[in-house]
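A.B. asks: Please read through the structure below; I'll follow up with questions.
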Amino acid sequence: MTLRDMKVGQRAKILKILRGSSAERRLFEIGIIPGAEVKLISRHPFQGPLVFQIGNAKIAVGRGVAGSVEIKIKD
């Protein structure tokens, strides 16, 4: 399962990033790292970005990038 598969309000733990090193470095800079917990705040329409909360920060991630971040949904 990836970030792209989440439903609004769900929480998940990031397991790994399935992208090249430059994309992985950029995701690390914004807090998307293995072990981090994220919550999906909103899904913009028309294939727009997904907005996540990580800690106290809110970040927008494109759907292509979100599809490359493997997660586990938290109960």
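Any read-out appearing in this document is the output of simple, stated calculations on the displayed coordinates, not a laboratory observation. Only a predicted model underlies this, so the values are computations on that prediction, with no experimental measurement involved. When we count neighbours, we look across all protein chains shown, and the Cβ atoms used for this are built from the backbone with ideal geometry, even at glycine.
A.B. asks: Between Lys72 and Lys58, what is the spin-label point distance in nm, taking each point 7 Å from the Cα along the Cα→C-beta axis?
C.D. replies: For the pair Lys72/Lys58, the computed spacing is 2.9 nm.
A.B. asks: Take Ile73, Ile17 and order them by how many other Cβ atoms sit within 10 Å, fewest up front.
C.D. replies: Final ranking by Cβ density, sparse to dense: Ile73, Ile17.
A.B. asks: Would you mind finding the longest exposed-site-free stretch of the chain, with exposed trypsin sites (Lys or Arg not before Pro) meaning DSSP loop and at most 13 other Cβ atoms within 10 Å?
C.D. replies: 8-73
A.B. asks: Please quote Rg/Rh for segment 3-73 to two decimal places, taking the Kirkwood radius as Rh and restricting both calculations to Cα atoms.
C.D. replies: Values: Rg = 10.9 Å, Rh = 11.9 Å.
For segment 3-73, the value is 0.92.
A.B. asks: Among the chymotrypsin sites (Phe, Trp or Tyr not before Pro) within the chain, which fall in a DSSP loop and have no more than 10 other Cβ atoms within 10 Å of their own Cβ?
C.D. replies: Phe46
A.B. asks: Using DSSP to call loops (not H, G, I, E or B), can you name the GluC sites (Glu not before Pro) in the chain whose Cβ has at most 12 other Cβ atoms within 10 angstrom?
C.D. replies: Listed in order of number, the matching sites amount to none.
A.B. asks: Which of Ser42, Ser68, Ser22 comes first, and how do the rest follow, when ranked by fewest Cβ neighbours within 10 Å?
C.D. replies: Starting with the residue having the fewest Cβ neighbours, the order is Ser22, Ser42, Ser68.
A.B. asks: Suppose R0 equals 25 Å. What FRET efficiency, 1/(1 + (r/R0)^6) with r the Cβ-Cβ distance, do Arg25 and Gln47 give to the nearest 0.05?
C.D. replies: The pair Arg25/Gln47 has a calculated efficiency of 0.50.
A.B. asks: Sorted from fewest to most neighbouring beta carbons within 10 Å, what does the list Ile14, Ile54 look like?
C.D. replies: Neighbour counts put them in this order, fewest first: Ile54, Ile14.
A.B. asks: Could you work out [θ]222 nm for the chain from helices alone, using -39500 (n - 2.57) per DSSP H run of at least four and dividing by all its residues? Round to the nearest 500 deg cm²/dmol.
C.D. replies: Helices in the chain give a 222 nm mean residue ellipticity of -4000 deg cm²/dmol.
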